[in-house]
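A.B. asks: Starting off with a structure, shown below.
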Amino acid sequence: MNTPSAKSKQASKKRKAPLLLRVVQTAFPVAERWFPALARRFFITVFFTPLNYAVPEKEKAFARKALLFDLRVEGKRIQCYSWGEGPLIYLVHGWAGRATQFHKIVAGLVKSGFRVIGFDGPAHGRSEGRSTSIQEFEATLRALYAHSGEPEGIIAHSFGGGAVLYAAMNGLPVRKLINIASPTIGDEIINTYLTTINGSPETGRYFKDYVLRTTGKPFEAFTALHFIEHLPKPIDLLLIHDTDDREVSLSHALALIERYPQARLYQTSGLGHTRILKDENVIEECIAFFRDRT
């Protein structure tokens, strides 16, 4: 477990919201009141459009140590990174994330004799695109499998965890998966977006109706709680979650375990949603999980 000082350190290092997001947070409630139809259409756009956060210098330096290669996925160039040699592990980052956020985990895995490949998802990091979807992340994973082979396992953060389970539900072979701070509950996922831009429950209900009209499926059919119940083959699944995660609460991991009791849960405290990717105990847990090949 981490000390209270780690929690205060987390608070002091919060990601500063991009200027565009701060403008939207101010303007969206006004638009909802006076131009509700326009606001709802804008919310749909926002839901599928990741924000870009500044990349720390440490991550830029770590990217320069990688073997770089590109994939072409549905007309978009996807930036991929490879580090080390040995049994293969894939990384799948979260929404508005990037592969180099895993740099501490990558360093630990490489030191332990693994090869690690990550990618910047469509419309993320150095990859092309302005908007994306869980379907495009699945297509990227399939392209990566075709290019580099089936991995020993996958580590996913946040939205990336749902994307991997979605692909697995659709037949992508996934033997071992670590989901770190991954959302699972449909209503909570929508509420997170609404909270981020100061949106109202009415907009959330409109969005759920929109998904049903356009796909013929309820929004819940695109969440990890649905995917986990429709896997063609079982997965060795480890959930890592922090009790102080304010973006994706621990309830998401607990809900998934209710649906998939064979999953294991490793809890941390004081790390929040992103610092969890740099914690030494978390890194050791990941390494041990992949060393155990039974």
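Just so it is clear, none of the values below were taken in a lab; they were calculated from the coordinates. Computed from a prediction, not measured in an experiment: that's the story for all the values here. Counting neighbours? That spans all protein chains shown, and the Cβs are built from the backbone with ideal geometry, glycine included.
A.B. asks: If a paramagnetic tag sat 7 Å from the Cα of H147 along the Cα-Cβ line, which residues of segment 75-91 would have the backbone N under 13 Å from that point?
C.D. replies: Of the residues in segment 75-91, 75-83, 91 have backbone N under 13 Å from the label point off H147.
A.B. asks: Using Cα pairs closer than 8 Å and at least 6 residues apart in sequence, work out the relative contact order for the chain, in percent.
C.D. replies: Here the relative contact order equals 19 percent.
A.B. asks: In terms of the Cα gyration tensor, with a ≥ b ≥ c the square roots of its eigenvalues, is the chain rounded because a/c is under 1.5, prolate because a/b exceeds b/c, or oblate?
C.D. replies: rounded
A.B. asks: Okay, next question. Given Cα pairs under 8 Å that are at least 6 residues apart, what percent is the relative contact order of segment 170-294?
C.D. replies: Relative contact order of segment 170-294: 29 percent.
A.B. asks: What does the charge dipole of the chain about its Cα centre add up to, to the nearest 20 debye, if the Cβ of each Lys and Arg holds +1 and the Cβ of each Asp and Glu holds -1?
C.D. replies: 820
A.B. asks: So in the chain, what percent of DSSP beta bridges are antiparallel if you round to the nearest 5?
C.D. replies: Counting DSSP beta bridges with both partners in the chain, the antiparallel share is about 35 percent.
A.B. asks: Moving to a separate point now. Given the options V55, V116, V174, state which has the largest fluctuation in a GNM of the chain using a 10 Å cut-off (strictly under) for Cα springs.
C.D. replies: Looking only at V55, V116, V174, the largest GNM fluctuation is found for V55.
A.B. asks: Rounded, prolate or oblate, given the Cα gyration tensor of segment 130-288, with a/c below 1.5 counting as rounded?
C.D. replies: Taking the square roots of the gyration eigenvalues as a ≥ b ≥ c, segment 130-288 is oblate.
A.B. asks: Please list the non-local residues whose amide H lies under 5 Å from the amide H of W95, H modeled 1.01 Å from N, same-chain partners needing a gap of 5 or more.
C.D. replies: It is F159, G160, by chain and number.
A.B. asks: While we're here: At what distance in angstrom do the alpha carbon centres of segment 42-104 and segment 239-287 lie from each other?
C.D. replies: What the calculation gives is 21 Å, centre to centre.
A.B. asks: Please give the net charge around G121, taking every other residue with its beta carbon less than 10 angstrom from that of G121, where Lys and Arg add +1 and Asp and Glu add -1.
C.D. replies: Combined, the nearby Lys, Arg, Asp and Glu give 0.
A.B. asks: In addition: If you average over every viewing direction, what projected area does the convex hull of the Cα atoms of segment 163-207 give, in nm²?
C.D. replies: Averaging across all directions leaves 4.1 nm² for the Cα convex hull.
A.B. asks: Which cross-chain or sequence-distant (5 or more) residues have an amide H under 5 Å from the amide H of A123, H modelled 1.01 Å from N in plane?
C.D. replies: Distant-sequence amide H within range of A123: E128, G129.
A.B. asks: Under a plain spin-label model, where a point goes 7 Å from the Cα along Cα-to-Cβ, how far apart in nm are E229 and T214?
C.D. replies: Between E229 and T214, the simple spin-label model gives 2.5 nm.
A.B. asks: Counting other C-beta atoms within 10 Å, and keeping those with at most 14, which DSSP coil trypsin sites (Lys or Arg not before Pro) do you find in segment 94-159?
C.D. replies: Loop-located and lightly packed - R130.
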